[in-house]
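Here is the structure we will look at, set down as structure tokens.
The values are calculated or read from the model by the stated rules, or taken from the named source; none is laboratory data. Since we're looking at a predicted model, the values are computed, not measured. Every residue, glycine among them, receives a Cβ derived from its backbone with ideal geometry; neighbour counts consider all protein chains shown. Remember, those area values only see protein heavy atoms, side chains included, never the ligands or the DNA or RNA. Shrake-Rupley method; radii C 1.70, N 1.55, O 1.52, S 1.80 Å.
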Amino acid sequence: MAALPSTSSSADLRVNRRWPRWGWRLLLFLLLWLGASWLWSSYWTAAPGQGAIATDGSFDIPISIRVHEHWALNLDFHPGSLGDEEFKRRIAPWKQATPDTGAVTLQWRLLANDGQQLAAGTSLFHRVDSWSSHTVSCTQPLLSIPPGRYRLAGQVIAPPPVVTGMDMAVVIRVTNGKAWNSWQLDLAWWSGLLNLLLVLPLAILLLLAMLAHTLWRRRGRPH
């Protein structure tokens, strides 16, 4: 009489067949989560408005405020036609805000879509608040702006010679990059941290495990 297959062997076979199916489903779910959280973060953390300043110092850019937050007016400087070393040399005094630092005067107006002026001001930028290899930024906090669509228009008044050759841009950003009032930005930050520490490593490990399992099964099949 032929021996019947053991119960344990049948169970192992069922688990072996189900594992790839559930593994790929879990991997698909993790990838969908990563994509959805990236879209969420990209939408809510994007700068509400940004635009280059023309050669005559004027600017007029659309603003789209999506959440109640503390916003700041940022004046960004880029190397433009300057070399990297010349750019670093010129902005060095701004980092220490020494007395001989030339201030940049910016007159601005916040307008509703119908052209009505909602706010206006004159900002003096005489020190750098943040910088990277190709961008330095001066920051001026703004009053609370309710969600809506606006325009930010203005003029750079008599820019100092130190900015000659640089490209300038106006950007609206959150005042504090790590403390928000809105749950949308809180969720974007926490989901990004979760993705970095857990979801992305788990997705990579699961993908490697599934590929290894697939190769192992192919090698085990008779030729």
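Simple rule: put +1 on each Lys or Arg Cβ and -1 on each Asp or Glu Cβ in region 87-221, find the dipole, and look at Met168, Val199, Ala103; the Cα lying farthest toward the positive end is Val199. Excluding ligands, DNA and RNA, the accessible surface per residue across region 124-173 is 52 Å² with a 1.4 Å probe.
Let me make sure I get this right: for region 31-166, a, b and c are the square roots of the gyration tensor eigenvalues over alpha carbons, sorted descending. Under 1.5 in a/c it's rounded, otherwise prolate if a/b > b/c, else oblate. Which is it? Because a/c hits 1.5 or more and a/b fails to exceed b/c, region 31-166 counts as oblate.
The simple spin-label model puts a point 7 Å past each Cα toward its Cβ; for Trp190 and Lys95 those points are separated by 3.7 nm. Within the accessible area of region 119-223, the carbon and sulfur atoms contribute 65%, probe 1.4 Å, all protein chains present. A crude spin-label estimate for the pair Ala46 and Ala103, with each label 7 Å from Cα along the Cβ direction, gives 3.6 nm.
Measuring with a 1.4 angstrom probe and ignoring ligands and nucleic acids, His78 comes out at about 60 Å² accessible.
Protection proxy ranking for 183-189, 129-135, using the average of other Cβ atoms within 10 Å per residue and placing the highest first: 183-189, 129-135. Within region 126-171, all pairs of alpha-carbon atoms sorted by distance into 10 Å bins from zero give the percentages 16, 48, 30, 6. Positive-end ranking of Leu142, Gly80, Trp94 along the dipole of region 50-178, with charges on Cβ about the Cα centre, is headed by Leu142.
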